[in-house]
Each structure stands twice: as C-alpha cells, then as structure tokens.
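J.: Pasting a structure here, questions to come.
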Amino acid sequence: MIDSKHLKDQQDIADAFNNYFSSISNKISKNIVDNKINDEILSTFQYYSEQNNVYPSSPLVFKTFSTKEIKSIIKLLKMRNSHGYDKISTKLLQISATYICSPITYICNKSILSGIFLII
C-alpha cells in the first residue's frame, strides 16, 4: 500500500520500490555528509598523503587468470545436473574441465584486459 492505495500494476510497484529506496539512500548520504565521520575520513586521508606522499589506497588492478586457477575454480563447484540459463550443468563443466579450461581462461583474461564484461 502506498498512500492508502493498493498497487496492482507491476510498473507502479516497481516505481514505488524505486522511490522508497532512492529516498533512503539520499537520507543516508545526507547523514554521512552531516556527520563527523566524513571529517575523520578526510583527516585520515590527509595524514597519509602528507606523511607518505602517497594515497592510502592503490588503484584497482585486475590480475589475469591461469588455466590452473580456472580448473581449480571449476573443481570447487558443487556437482549438479541442474543448469542455469546457459543450459550447462556443473557436472558437464567438471567432466570437460581439461578440454575447456584454455578457452575459458582466454575469454576471462581477454575480458579483464579489455575492461568489457557482458552479462547476457
């Protein structure tokens, strides 16, 4: 119920959720800015940059994978016959791991190095 109205339309429900959660994030952001926590973070940042002449955090860097790492990740998956939207079960992945690790490693590393991540 929003403003004493019972919403049935999916778009109206989605809009109501969006408005609600957007308003919460705005309140939280305002509280952080108004709070002294922001000042403490800033002073810590200034301390590090003045003392060490560096920033307290390094840039985000993704490392590439080896075929050994990909194979170990596949081995960690719980073996199930069920599958996701791709129609590939974890059982099939594990059985074919030796043959598919190289192509999967290539695809993952290409994605990391190019900065392009597609979710279909």
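Just so you know, all these numbers are worked out from the coordinates, no wet-lab data involved. This structure is a prediction, so every number in the text was calculated from the model and none was measured. No Cβ is skipped: glycine too gets one built from the backbone with ideal geometry, and neighbour counts run over all protein chains shown.
J.: What distance in nm lies between label points placed 7 Å from Cα along the C-beta direction at F17 and I107?
T.: 2.9 nm
J.: Past 24 Å, Cα to Cα: identify those pairs from K63/K87; K8/K87; K75/K110, in the order given.
T.: On the way: K63/K87 29 Å; K8/K87 34 Å; K75/K110 22 Å.
Exceeds cut-off: K63/K87; K8/K87.
J.: So if I average 1/r over every pair of distinct C-alpha atoms in region 67-114 and take the inverse, what Kirkwood radius in Å does that give?
T.: This gives a value of 11.2 Å.
J.: Let me check against my output: what whole-number percent is the relative contact order of region 62-102, with C-alpha pairs under 8 Å and at least 6 apart? It would help to have the intermediate numbers written out before the result.
T.: Working: 27 pairs, mean separation 16.3, N = 41.
Over region 62-102, the number comes to 40 percent.
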